[in-house]
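Below you'll find the structure, written out as structure tokens, and then a few comments.
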2 protein chains.
Amino acid sequence: MKKHAVILGGGMVGAAMAMDLARDADLAVTVVDAREAALERVRSRFGVATRAADLADPSAVRAAVADADVVLGALSSVIGLQTLQAVIEAKKPYVDISFMAEDAREHDALARANGVTAIVDCGVAPGMSNLLAGYANELLSPCEHIDIMVGGLPAERRWPFEYKAGFAPHDVIEEYVRPSRIVESGKIVVKEALSEPEFVDFAGLGTLEAFNTDGLRSLADTLAVPHMRERTLRYPGHIALMRVLRETGFFRKDTVDVGGVKVRPLDLTAALMFPKWTFDEGEADVTVMRVEAIGLKKDAGTSTGQRVRLRWDLFDRYDPATNFRSMSRTTAFPATIVARAVLAGRIKQTGVLPPEKLAGIPGLVDDVFAALKARGVTYTAHETVLS
Amino acid sequence: MKKHAVILGGGMVGAAMAMDLARDADLAVTVVDAREAALERVRSRFGVATRAADLADPSAVRAAVADADVVLGALSSVIGLQTLQAVIEAKKPYVDISFMAEDAREHDALARANGVTAIVDCGVAPGMSNLLAGYANELLSPCEHIDIMVGGLPAERRWPFEYKAGFAPHDVIEEYVRPSRIVESGKIVVKEALSEPEFVDFAGLGTLEAFNTDGLRSLADTLAVPHMRERTLRYPGHIALMRVLRETGFFRKDTVDVGGVKVRPLDLTAALMFPKWTFDEGEADVTVMRVEAIGLKKDAGTSTGQRVRLRWDLFDRYDPATNFRSMSRTTAFPATIVARAVLAGRIKQTGVLPPEKLAGIPGLVDDVFAALKARGVTYTAHETVLS
């Protein structure tokens, strides 16, 4: 009998999940969304089942997943946490990419009590970045440094922003205002968002600008690595503009009185700017990620004393064959691949688990890499001996 | 008996006019304004008479100037034209710096009918720029090129705008959106505001950026010079930011619906940005102007055939002794000096006259330069032989 995978959300990422899972003859796939147009698109393109439901309502979530063998979450960050809770209450294994602002692990005890495996932050970053950080921590002893850089960008740079948002623009602005937590000498240090800009070269793409963002999330406490930071990548110049808009107050969320009318500056900024940040139909994007780790290499479980730098690079582009943007594919496929590992019984641990918690499962990381490569998303690994 | 000079407007420029005219033992000076604090300041600092009146009402203007021998205008551009009309109706000679958006010469026939001399645009730019352009046209035959560059800037460059507004910030934004008219090959050509940015070096200040603005005003038709343009100067980078804000829509004057609330983007931008564009008390500013003209030099009324470039440079700074910013002083003094020339009977012509119309009066330009220099505002003249 076929296993049943239920995908919550039929947007771009949910549709890419549906495409991928529908190729699997052993799976029955259902996409759940309130938008009939989204459902019609995945039905006609991928032949999956669909269910109309308002997933902002947790009882609708519980009903939608009632006969699922695995649930995948591709919903807005705003309803990420409540949906996680609903799926755990329904006692279904869950793989989620919703990038919720809250710490999903507040439902860890509930998940363990219910015997549920819930893997959160399971996209590209957070997601593969977590898995690779956890993997580096397995390969090195001690692992001293982890540096994650990631960006989703339009392939063409167009004045003035040289940027389009591969996910919700409000979440992008949130990255530009929320102080970023990084780990220095074993302590969490808070730095201003958009701070410490640095130019970094990427083969095939040229020079990008990296800046601090609050992207470590669970890594800040799951890994005992004394130096860790996560930075976001943009084409040079974008950050300077964003700093000016932020400084001037255009990202403010309080209300300003303008001639007797009260308005939140961010709302007007969104109305004016976000249309310029929207990808055109068929417009190409790229996803760039680099995870670097430094430490002493382990061999057969013991340190060799050899200091190395491990590096993984992702450079992925829009796929014209499927018309899926890179950001959708690189986000969706880690979740579909991990969902299959859940169905295969390879992930025994229960609780709310960020992906770094999976890095110690024998062979899993290599299998994820291979499965991503089979889908055209290729991570290249490099090792440099430092001493 | 003392002559009576009436100054309409007691703001920074009106106050600088009052300071200058009050030093003249032959003059009785009255400053008119609705703001008692402004009146008290000029009374106590300069010992001038004051009169409280709402000058937005033309009948109040006519009453205020009833016994004036000369009237000086230092009012907002918005009421510039109606005030000009009121002074002409009162049959008083007028020297104005209000920078009105309209063409003041629409009241030329009325002024001539009433036998009134009304000199408009009589500050630094418009003002001295017009006088120098007219002067260049007197010195050269033919005068082929006139290039005016002018900027009022804070002495200290501070991120992000490196700019503060020496006059009404709304008028500054108007310069950034209004298409600029320049003269090329004898024809008026319209260029986008903020267009054709170019770096220009100024001794003592470094590199500035010049861009097209709609500053030729009357010069576009009073002088038969085939190539003329007026450009504004800013510290490099400011214009790039302003282009981005304009492109994004932050200078729009139509209303945008933001979550059910209608707001004009420019109004919010003004609320957020203009406070950052306001000079602090005692903060130093600089005024930079360069007027260049190319043509064949005249001598005793005939062309010598020698091609020359004439250049006049102004580089003026905030005056800590009087606590008047450079922009106030460089704007006020041309008007007070020309007002004295009016009182002395040196300007016979009636009508509404931009300053280039005064350039042919024998000795006047030299006298204006000398009087400005005596007030610490020094224009330096250069001549370069080109062939």
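The values are calculated or read from the model by the stated rules, or taken from the named source; none is laboratory data. Keep in mind it's a predicted model, so treat the numbers as computed, not measured. Backbone-built Cβ (ideal geometry, glycine too); neighbour counts: all protein chains shown. Side chains included, ligands, DNA and RNA excluded: accessible areas come from the protein's heavy atoms. Shrake-Rupley method; radii C 1.70, N 1.55, O 1.52, S 1.80 Å.
Suppose we filter A:GLY260, A:GLY282, A:GLY237, A:GLY295 for residues that are among the small types (Gly, Ala, Ser) and crowded, with 21+ Cβ neighbours inside 10 Å; which single one remains? Answer to the selection: A:GLY295. Restricting attention to region B:46-66, the residues that are over 25 Å from the mean Cα position of the chain (by Cα), more than 18 Å from B:LEU21 (Cα to Cα) and assigned to a loop (DSSP other than H, G, I, E, B) add up to 1.
When region B:201-218 is filtered for residues that are among the β-branched types (Val, Ile, Thr) and open to solvent by 20 Å² or more (accessible area, probe 1.4 Å), only B:THR207 remains. The residue list B:ARG309, B:ARG290 contains one member that is open to solvent by 70 Å² or more (accessible area, probe 1.4 Å), at pLDDT 95 or above and within 20 Å of B:VAL150 (Cβ to Cβ), which is B:ARG309. All conditions but one from (1) without any contact (Cβ under 8 Å) to a residue 24 or more places away in the chain; (2) among the β-branched types (Val, Ile, Thr); (3) open to solvent by less than 20 Å² (accessible area, probe 1.4 Å) apply to A:THR83; the one that does not is (1). Here is a list of conditions, (1) crowded, with 16+ Cβ neighbours inside 10 Å; (2) modelled with pLDDT under 95, and B:GLY351 meets all of them except one; can you say which number that is? Just one mismatch for B:GLY351, condition (2). Evaluating A:LEU194 against the criteria (1) open to solvent by less than 40 Å² (accessible area, probe 1.4 Å); (2) touching an Asp or Glu at 6+ places or on another chain (Cβ under 6 Å); (3) within 14 Å of another protein chain (Cβ to nearest Cβ) leaves one unmet condition, (2).
The condition (being among the basic types (Lys, Arg), closer than 26 Å to A:ASP316 by Cα and away from chain B (no Cβ under 14 Å)) is satisfied by just one residue among A:ARG181, A:ARG217: A:ARG217.
Are any of the residues in region B:276-293 within 12 Å of chain A (Cβ to nearest Cβ), farther than 27 Å from B:VAL189 by Cβ and under 21 Å from the mean Cα position of the chain (by Cα)? Scanning region B:276-293, I find at least one residue that is within 12 Å of chain A (Cβ to nearest Cβ), farther than 27 Å from B:VAL189 by Cβ and under 21 Å from the mean Cα position of the chain (by Cα), so the answer is yes.
Among the residues making up region A:324-363, a single one is in contact with a strand residue (DSSP E or B) (Cβ under 8 Å, 6 or more places away or on another chain), closer than 30 Å to A:ALA155 by Cβ and not in a helix (DSSP H, G or I): A:ARG325.
None of A:ASP33, A:ASP54 is buried (at least 24 other Cβ atoms within 10 Å of the Cβ) and of a type in the set (D, E, K, R) except A:ASP33.
Taking the criterion of being of a type outside the set (A, V, I, L, M), in contact with a helix residue (DSSP H, G or I) (Cβ under 9 Å, 6 or more places away or on another chain) and part of a helix (DSSP H, G or I), would at least one residue in region B:287-305 satisfy it? Looking for residues that are of a type outside the set (A, V, I, L, M), in contact with a helix residue (DSSP H, G or I) (Cβ under 9 Å, 6 or more places away or on another chain) and part of a helix (DSSP H, G or I), one finds none in region B:287-305, hence no. Quick check, is A:ALA381 open to solvent by less than 60 Å² (accessible area, probe 1.4 Å) and of a type in the set (A, V, I, L, M)? In short, no. Scanning region A:1-14 for residues that are within 23 Å of the chain's Cα centre (by Cα) and under 17 Å from A:TYR94 (Cα atoms) gives A:ALA5, A:VAL6, A:ILE7, A:LEU8, A:GLY9, A:GLY10, A:VAL13, A:GLY14. Remark: A:ASP221 matches the filter, which requires a residue to be over 24 Å from A:PHE167 (Cα atoms) and either among the aliphatic types (A, V, I, L, M) or part of a helix (DSSP H, G or I) (or both). Can you find a residue in region A:13-28 that is in contact with a Pro (Cβ under 8 Å, 6 or more places away or on another chain), open to solvent by 20 Å² or more (accessible area, probe 1.4 Å) and modelled with pLDDT of 95 or more? Checked region A:13-28: no residue is in contact with a Pro (Cβ under 8 Å, 6 or more places away or on another chain), open to solvent by 20 Å² or more (accessible area, probe 1.4 Å) and modelled with pLDDT of 95 or more. Annotation note: of B:GLU138, B:GLU89, B:GLU156, B:GLU144, the sole residue that is closer than 30 Å to A:MET242 by Cα and surrounded by fewer than 19 Cβ atoms within 10 Å (Cβ to Cβ) is B:GLU156.
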